[in-house]
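The values are calculated or read from the model by the stated rules, or taken from the named source; none is laboratory data. These numbers were taken from a predicted model, which means no experiment stands behind them. Backbone-built Cβ (ideal geometry, glycine too); neighbour counts: all protein chains shown. When the accessible area is computed, the model is the full protein with side chains, heavy atoms only, and any ligands, DNA or RNA have been set aside. Shrake-Rupley method; radii C 1.70, N 1.55, O 1.52, S 1.80 Å.
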Amino acid sequence: MKKLYIVAGEKSGDIHGSLLLKNLLNQVPELEVHGLGGRGMHELCPQVEDWADEAAVIGFVEVAKKYGFFRKKFLELLGKIQQDQPDCLVLVDYPGFNLRLAEKVHATCPKTKIAYFISPQVWAWHRGRIPKMARILDLMMCIFPFEAPLFEEAGLPTKFVGHPLVDEINALRVDGVREENLIGLFPGSRNREIDRHFPVFIEVVKQLRETNPELRFETAASTQALADRMCEMAESAGMGIDVFNIRLGQYHQLMDRASVGVVASGTATMEAALHRLPYMLIYRVPMLTYWMAKMLIKIRFIGMVNILADKSVVKELIQHEFTPETVIAEIKRLLIPAERDALLAEMQKSVDKLGPGGAAQRAAEAVAELLLQAE
């Protein structure tokens, strides 16, 4: 029986990892799977520990605060892998943890093949790492077309499998339900994101209610705790549920229904594009994190729609540019039909570059081939 370890560290990684595992187990049903992931991966393979809620932190400062937790998990997992000497290790995104793990496993488990699904965005912040990745990895599975040549040139076997979100959103999307004058607000799925973004959203709603009373506002919370947090903040600002509709779940439904979206940077921005929701990208982080990122990141845009287009398609309101006034101006612009149509046309060009779907199936096939090569 073949043995595989898999590691994902966030909700999005768990979703992608679950789809990969589901397809892989259809091809290799006797496969024994261990590792770290989220609820979806744990339900498929109970020996995959659900740690995603604790592991989902972003930013240099936030990660540093949880250093002890991550070090303990890292050493525990590495010890298990060294003991089991599995046939394959599959790493899903989460580069800060997973690249360090790959290096240690490569050095201590010579028979273990190492595959990476959803390649780290080293093209944005550290291209110098690519030769090292070529030395320690056996397979890179890219989800963006421009990534593959960068790894292939370094001698790393690479497959462009397409973006897994294409299948996920196509299965969820409902056409013909878009509601005129409904503004969808997507502040993020972490407490710190709510704390930084939601006060600005509240001020946006407050001002727009006075000048554009026909507009309606809705947000979707991924958990009851986040919904409660947003309700408390809205109520403290004098806004009840008649003003601010805060729903539990229904995240993708809101992307189908809203006319304009205000979306926190991350996976949600690609989801919005696939839902064909006209939106602006917003984000705010602690100043130390921001300045460290500015020194490291070497690309013009942070939104993937803009990166794929190599030009500004979606408005990016980052840090000091994220204010009630700038958000309101962009909402009003995107409520103009001609502006909306122009944005949607450009967004679709970017989305088309993600591939036709079937990413998880192609990734599973690539891992199955790697398992056959394992001794």
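Descriptive notes on the structure:
- Residue-normalised accessible area of segment 85-136, expressed per residue, 1.4 Å probe, Å²: 39 Å²
- In order through segment 244-260: 3J(HN,Hα) via Karplus (6.51 cos²θ - 1.76 cosθ + 1.60), integer Hz, x for Gly, Pro: 10, 7, 9, 9, 8, x, 6, 4, 6, 4, 5, 5, 6, 8, 5, 8, 9
- Share of Cα-Cα pairs in the chain lying beyond 33 Å, as whole percent: 32 percent
- By the helix-only formula, in which each DSSP H run with n ≥ 4 contributes -39500 (n - 2.57) and the sum is divided by residues, the chain has a 222 nm mean residue ellipticity of -15500 deg cm²/dmol.
- Accessible area expressed per residue, segment 192-259, with surrounding protein chains retained (probe 1.4 Å, Å²): 47 Å²
- Cα-based Rg and Dmax for segment 1-140, where Dmax is the largest Cα-Cα distance (Å): 14.3, 42
- Under 5 Å from the amide H of Glu179 lie the amide H atoms of Ala258, Ser259, each residue being 5 or more positions distant or on a separate chain, with H modelled from the backbone and absent for Pro and chain starts.
- Approximate shape of segment 313-375 as ellipsoid semi-axes (Cα gyration tensor, √5λ), whole Å, largest first: 42, 17, 7
- Subset of Lys65/Lys111; Lys22/Lys349; Lys3/Lys73; Lys159/Lys353; Lys315/Lys353 violating a 24 Å alpha-carbon distance limit: Lys65/Lys111; Lys22/Lys349
- Rounded to 10°, Cα long-axis angle of helix 337-352 versus longest principal axis of the chain: 0 degrees
- In order along segment 172-185, the Karplus-derived 3J(HN,Hα) couplings, from 6.51 cos²θ - 1.76 cosθ + 1.60 at θ = phi - 60°, round to 9, 5, 10, 8, x, 10, 4, 10, 4, 6, 9, 9, x, 10 Hz, and Gly and Pro are given as x.
- Note on Asp53 and Glu339: the extension gain reaches 99.1 nm, defined as 0.36 nm multiplied by sequence separation minus the Cα-Cα distance.
- Carbon/sulfur fraction of accessible area - the chain, other protein chains in place, 1.4 Å, %: 53 percent
- Neighbour cut-off at most 16 other Cβ (10 Å), DSSP loop, GluC sites (Glu not before Pro), segment 6-50: Glu30
- Cα convex hull volume per residue for segment 120-279 (Å³): 136 Å³
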